[in-house]
Each structure stands twice: as C-alpha cells, then as structure tokens.
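Asks: Would you mind keeping the following structure in view while I ask a few things?
The values are calculated or read from the model by the stated rules, or taken from the named source; none is laboratory data. The structure presented is a predicted model; accordingly, all values stated were derived computationally and were not measured. FYI the Cβ positions are ideal-geometry reconstructions off the backbone, even for glycines, and counts take in every protein chain you see. Heavy atoms of the whole protein, side chains included, go into the accessibility calculation; ligands, DNA and RNA do not. Shrake-Rupley method; radii C 1.70, N 1.55, O 1.52, S 1.80 Å.
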Amino acid sequence: MDQIDKQFMPYVLIIHKDQLVSFPNSDNIRHHVYSFSEPKTFEIKLYRGTPGSPDLFDKPGIVILGCNIHDHMVGYIYVAENEITAITDENGIAILESKVPEAVKIWHAQLSDSSDKSISVPLVDRNDEDIWQVIVDLHPPVVKEPRKFKARFKQN
C-alpha cells in the first residue's frame, strides 16, 4: 500500500487473510500511517522510504488507513476470508468466475455512514444471459475541510 502524492495507492487494496502488506512511501515527505480498525490496529510513525518488515493481516474485515500528518489521506484494505473476491472497475463492474450464489457481500466506502460495514444483497438475473447484477445506492462522499491555522503575530 504505497503513498503517492499524499494519497494511498491503491485507494482500496484487496488481500486475503494471513497476507503481508508493505507500506512504502514514494512521496518526498514523511507520513505517519495508522489504523484503529478492529481487524488490524497498527501504527508506523513518521517515515520515508520503506519501513522495516511488512505487516501481517490475520483477521478478515475492513481496515481503514489514515495518515496522522495529512488528515485527507484515507485508504482501505479489504481483508477477504474466502477466495471469491473481486474489485470493480471504473464502471462498477466486477467479474466473478464462480457458480452464481444467491447473494453477495458488498463493501464500498460510501455504502453507508460507517465506512467499515458491508451488506449482503441478492443477485438479479439480467436478460436471462447468465449476467447477474446488483444495484447499490451510495452516500455522497464526505469532504473534509483542510485545517486552517491563523497566524498570530504581535505588532510592535
């Protein structure tokens, strides 16, 4: 999970339980990466380059990442428990090469007010062509205002 231009790249990383994740910093400034999420709580204090050893993600769930220096930096690691996992493309389409289940579990950062919850939804057959779809309404993104600091100078 790299940091490029003060952003986590990729924005969402899918891994499977018991995988290791490295957090290289490709920016020319320091970052302080952390997570308070239940599946993985950790902190990598101010650093440049690549910190020591990668971190083990041994519990399934959604790990929300932040930078203690740059409040707008948010990223997600989806730690999957089973093998049938996919991320959608820019059109919201994901291809699952598997027997069609009755329902699928979906997660998106804008799915609800809580960005660490997933939902289970039924699949709908589209045009009897073995193409199944799910339509999900997303909440508008939360836009955080950057902190503003007022300079206080004493005039003589």
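Asks: Tell me the trypsin sites (Lys or Arg not before Pro) within region 44-108 that lie in a loop according to DSSP and have at most 14 other beta-carbon atoms within 10 Å.
Replies: Answer in residue order: Arg48, Lys99.
Asks: Which distance in nm do the two modelled labels at Ile29 and Thr41 give, with both placed 7 Å along the Cα-to-Cβ direction?
Replies: About 2.9 nm separates the two model spin labels.
Asks: Over the Cα atoms of region 14-117, what radius of gyration and what Dmax do you get, in Å?
Replies: Calculated on Cα positions, Rg and Dmax stand at 15.3, 48 Å.
Asks: Using label points projected 7 Å from each Cα along Cα→Cβ, tell me how many nm separate Asp89 and Ile14, to one decimal.
Replies: About 1.4 nm separates the two model spin labels.
Asks: Take Asp5 and Ile69, extend 7 Å from each Cα along the Cα→Cβ direction, and tell me the distance between the two endpoints in nm.
Replies: 1.9
Asks: Let me cross-check Val121: its accessible surface, 1.4 Å probe, with only protein heavy atoms counted, in Å² to the nearest 10?
Replies: Spelled out: Val121, probe radius 1.4 Å, area about 30 Å².
Asks: Go through Lys6/Lys40; Lys6/Lys105; Lys17/Lys117 and tell me which ones have a Cα-Cα distance over 24 Å in this structure.
Replies: With Cα atoms farther than 24 Å apart: Lys6/Lys105.
Asks: Rounded to the nearest 10 Å², what accessible area does Leu13 show when all protein chains are kept and the probe is 1.4 Å?
Replies: 40
Asks: Pick out, from Phe36, Ile87, Ile77, the residue whose Cα sits farthest towards the positive end of the charge dipole of region 28-102, with +1 on the Cβ of Lys and Arg and -1 on the Cβ of Asp and Glu.
Replies: Towards the positive end, the residue furthest out is Phe36.
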